1. Could you give every pair whose Cβ atoms fall below 7 Å, whose first residue belongs to region B:49-67 and is among the hydrophobic types (A, V, I, L, M, F, W, C), and whose second residue is in a strand (DSSP E or B) and buried (at least 17 other Cβ atoms within 10 Å of the Cβ), counting only separations of at least 6 or pairs across chains?
2. Quick one: which strands (runs of 3 or more DSSP E) sit completely within region B:76-166 and have at least 1 residues that are under 12 Å from the mean Cα position of the chain (by Cα) and of a type in the set (S, T, N, Q)?
3. Condition first: assigned to a loop (DSSP other than H, G, I, E, B) and either at pLDDT below 95 or within 21 Å of B:G133 (Cβ to Cβ) (or both). Now tell me which residues in region B:1-30 satisfy that.
4. For region A:28-56: of the residues being among the small types (G, A, S) and within 19 Å of the chain's Cα centre (by Cα), which is surrounded by the fewest Cβ atoms within 10 Å (Cβ to Cβ)?
5. Condition first: in contact with a strand residue (DSSP E or B) (Cβ under 8 Å, 6 or more places away or on another chain), assigned to a helix (DSSP H, G or I) and surrounded by 14 or more Cβ atoms within 10 Å (Cβ to Cβ). Now tell me which residues in region B:38-53 satisfy that.
6. Scan region B:73-98 and report the pairs whose first residue is under 23 Å from B:D141 (Cα atoms) and whose second residue is of a type in the set (S, T, N, Q), with Cβ atoms within less than 6 Å and a gap of 6+ or a chain change.
7. Out of B:R25, B:R6, report the one residue that is closer than 18 Å to B:A100 by Cα and facing chain A (nearest Cβ under 9 Å).
Amino acid sequence: MIFLTVGTQLPFDRLARAVDNWCAERPDHEVIGQIGEPGRNGYRPTHFEWWPFVEPSEFVRRLDQSSVIVAHAGMGSIISAMLHAKPIVIMPRRDEFGEHRNNHQYATAKSFSERPLVHVAMTETDLPSRIEAALRSPAASAGDDFSRFAETSLIDAIRTTIVSAGRQGGSRSARQ
Amino acid sequence: MMLVQRPIRVLALASSGGHWIQLRRLRPAWLGCDVAYATSNAGYRSEIEEEEVAPGLPAPRFYSFPDASRWQKARLILQLLSVIRILLLERPDVVITTGASAGYFALRIAKLFGRRTVWLDSIANSAELSLSGQRVARYADLWLTQWDHLVAPLGKAGPAPSFRGQVL
């Protein structure tokens, strides 16, 4: 199963339509999607089952069941796929199409293009070949070495600031 | 009379989605602290309730606040009020956020009360620092970027973010 997700904010019609078109040509593949609230004039896929939003617990369940994730280039989607060791196809939202407030997803797509399990489609034209590549990618065990936590150096830096709040008197002593 | 140290109170706050997922990956940083979480999707409550609690520590508390984008003025005000309420209820010693607007509000208010503040810019901001991060920088005791190449002072003499690693 392929799981499409566009994140918790705006819909992403360009991606939903591209996946719908791919679906029409590959009816042998089951696809489900979380596509945001399409609104009156928004795109409503006809070749796969979709919902505007899914609850976080449901999201994790769908992710687990899928063999490939297709998503906008949002960090929530990318990190979730990595945690579950699933290949992910990402396509960046562009601000010139009103899909986001800036082009940071374009930068994200570029900076993640070298990561294992991440397949980047810069535009909808690239999407079919990227999905096919993701489907061919071996069922990964890469998740085994993907940590559940941030880098130790980052955690240590934040912990140092927290502990200093205690010394500063933040952790006021209580009389007993 | 005996003096008993109470654990440091931490508020970890971020909007839902990518910001939240990144914030949660930092949790070893507040191990042993008395922690509360706040985010814009109430659906994350079960994730927090299911979390293991170390002996002697209270279970982490969970709050949600309204979602808002930069252009939704009315919703931003509702969000601000909600963040104020959470801070009044929690009175944290330290506030940690990965963004976005709610994190900005939380840090500004926490700083008014002299609390420690940490801003970690999202890893998504690999080309430039987030706008809310730049605006809140002077109120952050620790201002972090996840990209080494973005470590540079704001303007000529402004604060500069530090780089200490990534959430991945």
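1. B:L57/B:D34; B:F62/B:Y37; B:F65/B:A38
2. On the way: elements: B:94-99, B:116-120, B:142-145.
Once the strands (runs of 3 or more DSSP E) in region B:76-166 are filtered for at least 1 residues that are under 12 Å from the mean Cα position of the chain (by Cα) and of a type in the set (S, T, N, Q), what remains is B:94-99, B:116-120.
3. Residues of region B:1-30 that are assigned to a loop (DSSP other than H, G, I, E, B), as a first pass: B:1-2, B:6-8, B:15-17, B:25-26.
If the condition is that a residue be assigned to a loop (DSSP other than H, G, I, E, B) and either at pLDDT below 95 or within 21 Å of B:G133 (Cβ to Cβ) (or both), then B:M1, B:M2, B:R6, B:P7, B:S15, B:S16, B:G17, B:R25, B:L26 are the ones that fit.
4. Within region A:28-56, the subset among the small types (G, A, S) is A:33, A:36, A:39, A:42.
Checking which are within 19 Å of the chain's Cα centre (by Cα) leaves us with A:33, A:36.
Working: A:G33: 24, A:G36: 22.
Filtering region A:28-56 for residues that are among the small types (G, A, S) and within 19 Å of the chain's Cα centre (by Cα), the one surrounded by the fewest Cβ atoms within 10 Å (Cβ to Cβ) comes out as A:G36.
5. Our first condition is that a residue be in contact with a strand residue (DSSP E or B) (Cβ under 8 Å, 6 or more places away or on another chain); within region B:38-53, this holds for B:38-42, B:44-45, B:48-49.
Restricting the remaining residues to those that are assigned to a helix (DSSP H, G or I) gives B:42, B:44-45, B:48-49.
B:A42, B:Y44, B:R45, B:I48 - these are the residues of region B:38-53 that are in contact with a strand residue (DSSP E or B) (Cβ under 8 Å, 6 or more places away or on another chain), assigned to a helix (DSSP H, G or I) and surrounded by 14 or more Cβ atoms within 10 Å (Cβ to Cβ).
6. B:V95/B:T117; B:T98/B:Q22; B:T98/B:S122
7. On the way: B:R6 fails: closer than 18 Å to B:A100 by Cα.
It is B:R25.
Okay, residues lined up against (1) closer than 21 Å to A:T161 by Cα; (2) within 12 Å of chain A (Cβ to nearest Cβ); (3) surrounded by 14 or more Cβ atoms within 10 Å (Cβ to Cβ):
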{"residue": "B:P55", "(1), (2), (3)": "no, no, no"}
{"residue": "B:R61", "(1), (2), (3)": "no, no, yes"}
{"residue": "B:S126", "(1), (2), (3)": "no, yes, yes"}
{"residue": "B:S162", "(1), (2), (3)": "yes, yes, no"}
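The values are calculated or read from the model by the stated rules, or taken from the named source; none is laboratory data. None of the values given here were measured: they were computed from a predicted structure. Cβ: placed from backbone, ideal geometry, glycine included. Neighbour counts: every protein chain shown.
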